[in-house]
Amino acid sequence: QLLSVFHRWFISAAGGNIDDPRMHVSLRVWAQTIVTQVISLTGILATGAAAALALLDRRSIPRIILVPIAYIAFGVASSFLITLKEPRYLIAAVPMLAITVALAADWDGFVKTIRSPAARVEAPSPQAPP
């Protein structure tokens, strides 16, 4: 079974069946498919928010974050090179994106904010009219 999977992958990378419509997807349409069907608006917003917070926060981001970023980058880049375009081949990018966002977040600061007592705001005392 593993050999048949490899055989399909090699045929896909080499060009495969010319009649298959998945072989004739333009790069623009494929990029749009990745953004809308694989990553989705939620993933884009979460990644953008994490990137913005990471840039605004002065703490150092762990270098291990480069592993899921590289995985996503290589996966998406290789999907453009392979002739057979199927979004299910990129589904592992979604949990890697979640790991990237989780590594970029300052969870200790978040927990401190949640656990700290809220600052009390007292209403001004009413003044008697003169």
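The values are calculated or read from the model by the stated rules, or taken from the named source; none is laboratory data. This is a predicted model, so every value here is computed, not measured. Here the Cβ positions follow ideal geometry from the backbone for every residue, glycine too, while neighbour counts run over all protein chains shown.
Kindly indicate whether Ser40 is assigned to a helix (DSSP H, G or I), surrounded by 10 or more Cβ atoms within 10 Å (Cβ to Cβ) and at positive phi. Reasoning before the result, please.
Values: assigned to a helix (DSSP H, G or I): yes; surrounded by 10 or more Cβ atoms within 10 Å (Cβ to Cβ): yes; at positive phi: yes.
It is true that Ser40 is assigned to a helix (DSSP H, G or I), surrounded by 10 or more Cβ atoms within 10 Å (Cβ to Cβ) and at positive phi.
Answer yes if at least one residue in region 72-92 is in contact with a Ser or Thr (Cβ under 9 Å, 6 or more places away or on another chain), over 22 Å from Arg8 (Cα atoms) and surrounded by 13 or more Cβ atoms within 10 Å (Cβ to Cβ), and no otherwise. Before you say what the answer is, go through the steps one by one.
So in region 72-92, the residues in contact with a Ser or Thr (Cβ under 9 Å, 6 or more places away or on another chain) come out as 72, 82-87, 89-90.
The next check asks that each one be over 22 Å from Arg8 (Cα atoms); those that pass are 72.
Those still in the list that are surrounded by 13 or more Cβ atoms within 10 Å (Cβ to Cβ) too: 72.
For region 72-92, residues in contact with a Ser or Thr (Cβ under 9 Å, 6 or more places away or on another chain), over 22 Å from Arg8 (Cα atoms) and surrounded by 13 or more Cβ atoms within 10 Å (Cβ to Cβ): present.
Being at pLDDT 80 or above and under 15 Å from Leu84 (Cβ atoms) is the filter; apply it to region 8-37 and report the residue that is surrounded by the most Cβ atoms within 10 Å (Cβ to Cβ). Before you say what the answer is, go through the steps one by one.
Pass one, region 8-37, residues at pLDDT 80 or above: 25-37.
Now restrict to residues that are under 15 Å from Leu84 (Cβ atoms): 25-27, 29-30, 33-34.
Working: Val25: 16, Ser26: 9, Leu27: 9, Val29: 11, Trp30: 15, Thr33: 16, Ile34: 18.
So, considering only residues that are at pLDDT 80 or above and under 15 Å from Leu84 (Cβ atoms), the one surrounded by the most Cβ atoms within 10 Å (Cβ to Cβ) is Ile34.
Candidates Ala93, Ala51: the one that is within 12 Å of the chain's Cα centre (by Cα) and modelled with pLDDT of 90 or more is Ala93.
For region 74-86, indicate whether the set of residues that are of a type in the set (Asp, Glu), modelled with pLDDT under 85, assigned to a loop (DSSP other than H, G, I, E, B) and in contact with a Lys or Arg (Cβ under 8 Å, 6 or more places away or on another chain) is non-empty. There is at least one residue in region 74-86 that is of a type in the set (Asp, Glu), modelled with pLDDT under 85, assigned to a loop (DSSP other than H, G, I, E, B) and in contact with a Lys or Arg (Cβ under 8 Å, 6 or more places away or on another chain). On the given criteria, is Ala70 among the small types (Gly, Ala, Ser) and at pLDDT 80 or above? When the stated conditions are applied, Ala70 passes them.
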